[in-house]
Amino acid sequence: MRVLLADDQAPVRSALGLLLAQELDIDVVGEADASNNLLHRVEQTRPDLVLLDWELPGAAPTLLPALRARCPGIKVIALSGQPGARQAALQAGADAFVSKMDPAEYLLAAFAEMTRGETK
């Protein structure tokens, strides 16, 4: 699975990249630190999945449809440290949600669900 990491904090992107690099079937193909370069990076790298910080600067309710318009079939796992973000992310069209406070196993389980085609 080709994955693009989208988070405005470099240490978070680095930690996620290190975690995902240990998985045989996951290839991190790029990173973005704001919504405007996220859309550009999606067009360049054509990932299967975007791991999206729900509080990414410049993100708006139109971000998920814009991602899917540029890369049909793309999956999105939303991440947030905000307790109430889960419902908003799923209602906006994210395929899955993982809290930044959850153990790493939760994120890996969400990836496994995306691989099997399960969502939400």
> Counting only residues that are surrounded by fewer than 15 Cβ atoms within 10 Å (Cβ to Cβ) and not aliphatic (A, V, I, L, M), how many does region 18-36 have?
Replying inline: 5
> Of Thr62, Thr45, which residue is of a type in the set (Ser, Thr, Tyr) and touching a strand residue (DSSP E or B) at 6+ places or on another chain (Cβ under 9 Å)?
Replying inline: Thr45
>> Looking at Ala59, Ala78, Ala104, Ala110 in this structure, which one is over 18 Å from Leu19 (Cα atoms) and either in contact with a helix residue (DSSP H, G or I) (Cβ under 9 Å, 6 or more places away or on another chain) or not charged (D, E, K, R) (or both)?
In response: Ala59
> Do we find that Ala104 is among the small types (Gly, Ala, Ser), at pLDDT 95 or above and closer than 19 Å to Val12 by Cα in this structure?
Replying inline: no
> Taking the stated definitions as given, is Asp27 acidic (Asp, Glu) and touching a Lys or Arg at 6+ places or on another chain (Cβ under 8 Å)?
Replying inline: yes
>> Would you confirm whether or not region 44-57 contains a residue that is crowded, with 19+ Cβ neighbours inside 10 Å and farther than 14 Å from Leu5 by Cβ?
In response: no
> Ala104: of a type outside the set (Asp, Glu), in contact with a Phe, Trp or Tyr (Cβ under 8 Å, 6 or more places away or on another chain) and surrounded by fewer than 16 Cβ atoms within 10 Å (Cβ to Cβ), yes or no?
Replying inline: no
> Quick one: which of Glu31, Glu43 is at pLDDT 90 or above and more than 19 Å from Phe111 (Cβ to Cβ)?
Replying inline: Glu43
>> Going residue by residue through region 84-94, is there one that turns out to be surrounded by 19 or more Cβ atoms within 10 Å (Cβ to Cβ), touching a residue at least 24 places away in the same chain (Cβ under 8 Å) and in contact with a helix residue (DSSP H, G or I) (Cβ under 8 Å, 6 or more places away or on another chain)?
In response: yes
>> Any residue in region 9-29 that is of a type in the set (Lys, Arg) sitting within a Cβ distance under 6 Å of a residue that is assigned to a loop (DSSP other than H, G, I, E, B)? List the pairs, counting only those 6 or more apart or interchain.
In response: Arg13/Asp7
> Regarding Ala10, is this residue out of contact with any Gly (no Cβ under 8 Å at 6 or more places or on another chain) and at pLDDT below 95?
Replying inline: no
> So, in region 66-82, of the ones that are among the hydrophobic types (A, V, I, L, M, F, W, C) and part of a strand (DSSP E or B), which residue ends up surrounded by the fewest Cβ atoms within 10 Å (Cβ to Cβ)?
Replying inline: Ile77
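The values are calculated or read from the model by the stated rules, or taken from the named source; none is laboratory data. Quick caveat, the model's predicted, so the values are computed rather than measured. For neighbour counting, all protein chains shown are included, and Cβ atoms are generated from backbone atoms with ideal geometry for every residue, glycine included.
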